[in-house]
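The values are calculated or read from the model by the stated rules, or taken from the named source; none is laboratory data. Treat the numbers as computed from the prediction; the structure is a model and nothing was measured. Positions of Cβ are backbone-derived with ideal geometry, glycine not excepted, and every protein chain shown enters the neighbour counts. Heads up: the accessible areas ignore ligands, DNA and RNA and are worked out on the full protein's heavy atoms, side chains in. Shrake-Rupley method; radii C 1.70, N 1.55, O 1.52, S 1.80 Å.
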Amino acid sequence: MASGAFRVAVFLSLVCSIAAFGGVAPRGLFTNRFVSGTNFRPVLRKANIGPMMFETKVFQKETLKFSNAPDETYEDILRGGRDKFKLVTKAFEGMKQIGVIGWGSQAPAQGQNLRDTLKELGSDIKVTVGLRESSPSWKSAKLVGFTEADGTLVPQDKAIRESDLVMLLISDAAQATDYKTKIEPLLKKGATLGLSHGFLLGYLESIGEKFRSDINVVLVAPKGMGPSVRRLYEQGKSVNGAGINSSFAVHQDATGRATEIALGWGIAIGSPFIFETTLKDEYCSDIYGERGILLGAVHGIVEGLFRRYISQGMTPHEAFKHSCESITGPITKTISKEGILKVYERMSAADKAKFEQAYSAAYKPAKDVLAEIYDEVRSGNEIRSVIMHGNRFAKFPIGKIDGTYTWKVGAEVRAKRVESEIPLNPVTAGVYIATMMAQIDVLREAGHSYTEIVNESVIEAVDSLCPYMHAKGVAFMVDNCSRTARLGSRKWAPRFDYMLEQQAYADLDNNAPINQELIAQFKANPVHKAVEVCCTLRPSVDISTTGASTAQDDLSFTFRQ
């Protein structure tokens, strides 16, 4: 297992860097100097070098402008909505069964959404959940209507053998362990292997293996946690266009229908818009993002600012309001509907000065950590640590963070919350937005497309994760996400916490001058145009994080698998 993990690390070091150069290896890429990671940084590549354009005969795509000159960029997207459901049967033409393998964060949501869409269409395609017979998730699947009696809840191997689309939604570590021995041999010729994460490709290539040539390999990756995918789909039953955006990729097309199948899958689970990526780019941006502003960074920022505000004389309740509540409330709600710049532009002159000082102080330390995270993901070190943890999991299961003082205070604040009284603290906004922009800039410099950058660094944060954090707490989100994300947040949150405290907050205490060049770069960043476009494509309603739902919000059972 150790040697396999090492091969993962070496290979993913290559694939993520090659992806950053648009699929072409730069001179000297395969040198020892590169593999060791010393003094290597991808050259800045404008996003318009590799725009994502795809072809479909079933759906009507759109080509949108995502940034202006001199970095003018156009990308294809597909708008979703319930009015597009009728095209799903054509996209799935010839299918008799879809197998949902696993029951983690995504499987309960995607399985139910697919089932409900096909039922609404009067389709005879069966959606079947496949689990290990000893899985503790068996009961959870039955609670939402998958049963042995009607053949929609079956042993994993049976679901794989009989399905035309096999959605492999088990953990990354389990995919690495089981794919070649327990999954691929059972796939039918001409079947479609569906992934919601690109890791498996990297693992296979690292050990000198490939996907079987007689199957399609596609990816549909919702930009939000599973419960949000389900809840927004449920809301979309009465409000068209509610859902979570998804990226899609076609890695292998054995039947000539892989693109239509992937797009049909994205539409059927309720995605309001779908954009193209590659398995390699998805892996690099997704693992990186959840260790950054999506989970790890916001966790570290809140912990540090909470302590800082108390040290400056605020009560614990006030400190939590000015740190966590400010982020998950007015800051991210403004970003969601109006964009990042609007948070700054709405401030008074005095608050703008405080924002600029905090932004100037926080941007470089945050980017330092984020560049390190990207290097760790790119090199394969990060996923190697996930695989190694899988080997230790029985002895050392992941603990929870919700018992510490910060999050206990947070629970008290939420219980007494008056939404209109939540402050938009300009220092908190400066630190949070500096970190978000630093994450965006690392991805831009690595050559990721604007649709991927905005979805992985902005939309997933403000439209999926932060609403749950606002309703139930940051600790809830950290304790109830995928195993890979959960491990990453715990690993990197302390790095953001102490890097900001030791550098950014020290500069604030010393009244370091505002970096006007950095502020000008913030205002002129081409990503603002892309965010503006994406805001017009956002779900037509805000996610409802409470109330009746078949979304399985408490995912604690996931981590026993």
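Listing for the model above:
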quantity	calculated
Residue check for Glu234: surrounded by fewer than 24 Cβ atoms within 10 Å (Cβ to Cβ) and in contact (Cβ under 8 Å) with a residue 40 or more places away in the chain	yes
Single condition Arg291 does not satisfy, out of (1) surrounded by 23 or more Cβ atoms within 10 Å (Cβ to Cβ); (2) out of contact with any Gly (no Cβ under 9 Å at 6 or more places or on another chain)	(2)
Residue list for segment 260-279, restricted to those being open to solvent by less than 10 Å² (accessible area, probe 1.4 Å) and polar (S, T, N, Q)	Ser271, Thr277
Tally, over segment 191-240, of residues that are of a type in the set (Val, Ile, Thr), modelled with pLDDT under 85 and under 18 Å from Asp172 (Cβ atoms)	1
Condition broken by Pro467, with the remaining ones in (1) open to solvent by 20 Å² or more (accessible area, probe 1.4 Å); (2) touching a Pro at 6+ places or on another chain (Cβ under 7 Å); (3) under 23 Å from Ser326 (Cβ atoms) satisfied	(2)
Enumeration of residues in segment 382-422 that are part of a helix (DSSP H, G or I), modelled with pLDDT under 85, of a type in the set (Lys, Arg) and open to solvent by 90 Å² or more (accessible area, probe 1.4 Å)	Arg392
Cβ pairs under 7 Å, 6+ apart, first in segment 459-475 and farther than 15 Å from Gly300 by Cα, second basic (Lys, Arg)	Ile459/Lys223; Glu460/Lys223; Asp463/Arg538; Ser464/Lys223
Residue list for segment 256-271, filter: in a loop (DSSP other than H, G, I, E, B) and not charged (D, E, K, R)	Gly256, Ile269, Gly270, Ser271
Val302, sole failed condition from (1) crowded, with 24+ Cβ neighbours inside 10 Å; (2) out of contact with any Cys (no Cβ under 6 Å at 6 or more places or on another chain); (3) of a type in the set (Val, Ile, Thr); (4) at pLDDT 95 or above	(2)
Single residue of Glu445, Glu452, Glu456 found to be modelled with pLDDT of 90 or more and more than 12 Å from the chain's Cα centre (by Cα)	Glu445
Selected residue (only one of Pro222, Pro227 is within 15 Å of the chain's Cα centre (by Cα) and under 27 Å from Lys180 (Cβ atoms))	Pro222
Options Tyr468, Tyr432, Tyr450; residue that is of a type in the set (Phe, Trp, Tyr) and in contact with a strand residue (DSSP E or B) (Cβ under 6 Å, 6 or more places away or on another chain)	Tyr450
Test: residue in segment 501-519 that is surrounded by 13 or more Cβ atoms within 10 Å (Cβ to Cβ), modelled with pLDDT of 95 or more, more than 21 Å from the chain's Cα centre (by Cα) and of a type in the set (Asp, Glu)	yes
Single residue of Ala438, Ala362 found to be closer than 29 Å to Gly198 by Cβ, surrounded by 16 or more Cβ atoms within 10 Å (Cβ to Cβ) and modelled with pLDDT of 95 or more	Ala438
Number of the condition not met by Val343 [criteria: (1) assigned to a helix (DSSP H, G or I); (2) within 25 Å of the chain's Cα centre (by Cα); (3) loosely packed, with under 14 Cβ neighbours inside 10 Å]	(3)
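Here is a yes/no grid of residues against (1) in a helix (DSSP H, G or I); (2) open to solvent by less than 10 Å² (accessible area, probe 1.4 Å):
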| position | (1), (2) |
| --- | --- |
| Gly208 | no, no |
| Val217 | no, yes |
| Pro227 | yes, yes |
| Ser247 | no, yes |
| Ala254 | no, no |
| Asp281 | yes, no |
